[in-house]
Amino acid sequence: MRALLVDDDPSIRAVIVRILSRQFDALELVECNDGVEALEELSRDHYAFMLLDLSMPNLDGFDVLESLRASDNLRTLPVIMMTGTNEERTVKRILSVGVTDYILKPIRPAQLCERVSRIVSRSEKQSGSASEEERHPAPMPAPAFVPFELTLRSIVVLADGDESFRHFFKSMLLTKCRVDLTTSGLDAFQRCASQKPQAVFIGTDLGIISSEKLAKKLREKMGNVRLIGIAPEAALAAARDSRVYDAVIPRSTTPDAFMKNFTSLIATPVMVGEPASAAVSR
């Protein structure tokens, strides 16, 4: 049986590994330093359960757990949350997002083994119950949209799971700015942290980190970046009502329609067919 151990403190991970390896011979623990690394690992491999620290940089325990409960494939993954606080509000929130169990730090060996033993027993009997339905916190209000200047040096990121749409998007903007394509919410979050783009266009099918979750995390970490939702016509109203984007445009692969929507977002419009040098020199 394999389990994921997620904590940004290597000394705590070492203690947990030592305790559980002595108690559970057949248990293999895979260690992760933070929430981003954990979601990457879960996207490529299967685990029986996860030990998850609450307080971590970038993506904390709440972020990771909310992403799991919103994923069809990982919705029922058992999670033991580890936290250094027993403050009532924190405990209630932990329970509300569908945690299987939680344990207080500093870790007590007997308590840790008891929590893990419950999950191991359920897994072996294949009788684990489905997790509680995710309860979303109130959406963050999006700031008023401010059109952005576009130059050949501007970096625009697209996060979208559709390969054909990614290629279309890049072909439309290739002579207007620098375009970086990402295939998932997790990839986009990591790229944006290192590249500091002018704008991030957020599409669909982003994997473990959903479109709205990506927008919320980028808003927290990069308050000045422009966040543009790209939604099908049927989902435009819902995307706008979510209030996590600065603006939302229709998902279109018709060149004229796409460029009309795109140029409505920038301070110096790039006209369809206009050379990039002319557009950025005004």
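Readers should treat all values here as calculations from the given coordinates under stated rules, not as data from a laboratory. This structure is a prediction, so every number in the text was calculated from the model and none was measured. Cβ sites come from the backbone with ideal geometry, for glycine too, and all protein chains shown count toward neighbours.
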Problem set entry | Net length gained if the chain between Glu87 and Asp9 were fully extended (0.36 nm per residue, minus Cα distance) | 25.9 nm
Problem set entry | Built amide H within the under 5 Å cut-off of Val79, gap 5+ | Met50, Thr100, Asp101
For this session: With everything on Cα atoms, drop me the angle between helix 35-44 and the longest principal axis of the chain, reported from 0 to 90° to the nearest 10.
Result: 90
Seminar exercise, completed: Quarter of the surface of the C-alpha convex hull for the chain, i.e. direction-averaged projected area in nm², equals 15.8
Seminar exercise, completed: Distance in nm between Glu124 and Leu174 label points, each 7 Å along Cα→Cβ, equals 5.8
Exercise. What ranking of Cys192, Cys113 emerges when the number of other C-beta atoms within 10 Å of each C-beta is taken as an exposure proxy, fewest first?
Worked result: Cys113, Cys192
Exercise. Which residues' amide hydrogens lie under 5 Å from the amide hydrogen of Gly229, considering only partners 5 or more residues apart or on another chain, with H built in the peptide plane?
Worked result: Ile202, Asp246, Ala247, Val248, Ile249
For this session: Starting from the Cα gyration tensor of the range 157-222, take the square roots of the eigenvalues, sort them a ≥ b ≥ c, and report rounded, prolate or oblate (rounded when a/c is under 1.5, otherwise prolate if a/b is larger than b/c, else oblate).
Result: oblate
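May I ask you to compute the full-extension gain from Met1 to Ala267, defined as 0.36 nm times their residue separation minus their alpha-carbon distance, rounded to one decimal in nm?
Length difference between fully extended and current span is 90.2 nm.
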Seminar exercise, completed: Simple SL model, points at 7 angstrom along Cα→Cβ for Thr76 and Lys260; separation in nm is 4.7
Exercise. Taking square-rooted eigenvalues a ≥ b ≥ c of the alpha carbon gyration tensor, is the range 2-125 rounded, prolate or oblate, where a/c under 1.5 means rounded and, failing that, a/b exceeding b/c means prolate?
Worked result: rounded
Exercise. Nearest 10 degrees, 0 to 90: what angle lies between the long axis of helix 211-221 and the longest principal axis of the chain (Cα atoms)?
Worked result: 90
For this session: Assuming R0 = 41 Å, can you tell me the calculated FRET efficiency for the pair Lys221 and Asp162, based on Cβ-Cβ distance, to the nearest 0.05?
Result: 0.95
For this session: Measure out, as a whole number of angstrom, how far apart the alpha-carbon centroids of the range 149-195 and the range 16-65 sit.
Result: 30
Seminar exercise, completed: When Lys260, Lys92 are arranged by how many other beta-carbons sit within 10 Å of their Cβ, fewest first, they go Lys92, Lys260
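Can you tell me what the convex hull of the Cα atoms of the range 155-280 projects to on average, as an area in nm²?
Average projection, Cα convex hull of the range 155-280: 7.1 nm².
Assigning unit charges at the beta carbon (Lys, Arg +1; Asp, Glu -1) and nothing else, what dipole magnitude in debye, to the nearest 20, does the chain show about its Cα centre?
Around 500 debye, computed over the chain.
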Exercise. Hey, fewest Cβ within 10 Å first, where do Glu88, Glu28 land in order?
Worked result: Glu88, Glu28
Exercise. Helix 109-125: angle to the longest alpha-carbon principal axis of the chain, degrees 0 to 90, nearest 10?
Worked result: 80
Exercise. So what's the net charge close to Thr204: Lys and Arg +1, Asp and Glu -1, counting the other residues with Cβ under 12 Å from its Cβ?
Worked result: -2
